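The values are calculated or read from the model by the stated rules, or taken from the named source; none is laboratory data. Remember, predicted model here, so these are calculated numbers, not experimental data. Note that each Cβ is placed from the backbone with ideal geometry, even for glycine, and that neighbours are counted across all protein chains shown. The area values use the complete protein model at the heavy-atom level, side chains included, leaving out ligands, DNA and RNA. Shrake-Rupley method; radii C 1.70, N 1.55, O 1.52, S 1.80 Å.
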Amino acid sequence: MSTQNKRLMRPLRRASETTMRTRVGLIGDPVAHSFSPRLQQAAFDALGIPARYELWQTPAAQLLERVRSLCERDYLGANVTIPHKQAVLHLLDRIDPLAERIGAVNTIVHHDDYLHGYNTDAPGLLYALQEHGIGRLRQNNQVSLKGYSALLLGAGGAARGAAFALTSAGVDRLIIFNRHLERAQLLATDVQQNYDGPVFSLNDANFLIPHSSSIIINATSVGMHEDVSPLPPEVLARFDSDTFVYDMIYNPTQTYLLCQARIMGLRNANGLSMLLHQGALAFTHWTGEPAPLDIMRATLL
Ligand code: NAP
């Protein structure tokens, strides 16, 4: 059992309830690009849980109806992705304190006729960074990012999880860069309620001041559908050679941002590692079982 699942496993599910509920899926728009079905299905099959993971393409106008359907007897829960992570929070019965603080939900559990909302993006990102050699595991099994500066691209649902994860891990400073400045400013204000370090928000990349030991995280959807980068290459080129670039996008596996990082000799990784860890945590929320991490990882190779 991985350390992460030992820590986060909660006796939420009863065995009879889990076997009765066989439908689980991804709510989002778009969803076709997602690797979650292969990741989660392999885990259910490995544990002999007769659940089927489905893709539920859900435009904003159908979100309420889709979430309501999760209350039916045979639904185990759902993952939530772009662009619904914030909107869905208000449609659930109970919100886990971490998801409440973040203001975004990516995992819904149907339990005892209630819909519970969780955020596994935040811890999933920290586990992923740690796998790439970024951060140290403290004695309490939490990841420390002391000594790093974080540049977060985006201020949507995934970025909110990242901002709270990075600051709770103790980054020296957080810079939020987003197309709509107000959204970055709102996130900065929210994060500062629990974080003493400096938080900056901006929407003009020319004003970015590079710091040494930077972690640049793309939490926008820019690069998913076309060869564009959320950060102009000439700005990326100003960062030190010890910068680590992480793109939450994993399909395509090589985004324009990651190609630029590689050309500049910067360490970089795509979002597969985060997909794995947030997915493993979601699996444990649905089933109460430790996720078979190695089996899930193998589906992403
Ligand atoms: P979201 O809530 O819809 O947020 C989208 C973000 O992208 C916002 O910051 C938005 O900026 C920005 N954006 C969208 N189009 C843009 C454009 N043309 N130019 C500049 N900025 C643009 O979506 P999300 O749920 O946070 O997901 C964001 C990305 O993270 C997606 O690609 C998703 O697949 C990925 N993700 C991956 C994982 C993983 O496990 N690897 C987990 C979570 C998310 P504005 O605020 O200005 O609109």
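Can we say LEU293 is within 10 Å of the ligand (Cβ to nearest atom), open to solvent by less than 30 Å² (accessible area, probe 1.4 Å) and in contact (Cβ under 8 Å) with a residue 60 or more places away in the chain? Here the answer is no, as LEU293 does not meet what is asked.
Checking every residue in the stretch 67-74 against the condition of being outside any loop (DSSP other than H, G, I, E, B), open to solvent by less than 60 Å² (accessible area, probe 1.4 Å) and away from the ligand (no atom under 12 Å from the Cβ) gives at least one match. If only residues of the stretch 175-208 that are away from the ligand (no atom under 15 Å from the Cβ) and in a strand (DSSP E or B) are counted, the one that is nearest to GLN130 (Cα to Cα) is VAL199. Of the residues GLY77, GLY124, GLY25, GLY117, the single one that is at pLDDT 95 or above, open to solvent by less than 20 Å² (accessible area, probe 1.4 Å) and in a helix (DSSP H, G or I) is GLY124. The residue that is farthest from the ligand (Cβ to nearest atom), counting only those in the stretch 251-267 that are within 19 Å of LEU301 (Cα to Cα) and open to solvent by 50 Å² or more (accessible area, probe 1.4 Å), is GLN254. Considering the stretch 28-66 alone, what residues qualify as being outside any helix (DSSP H, G or I) and of a type in the set (Gly, Ala, Ser)? If the condition is that a residue be outside any helix (DSSP H, G or I) and of a type in the set (Gly, Ala, Ser), then GLY28, ALA32, SER34, GLY48, ALA51 are the ones that fit.
Which of the residues spanning the stretch 31-43 are modelled with pLDDT of 95 or more, farther than 14 Å from ALA298 by Cα and open to solvent by less than 60 Å² (accessible area, probe 1.4 Å)? Across the stretch 31-43, the qualifying residues are VAL31, SER34.
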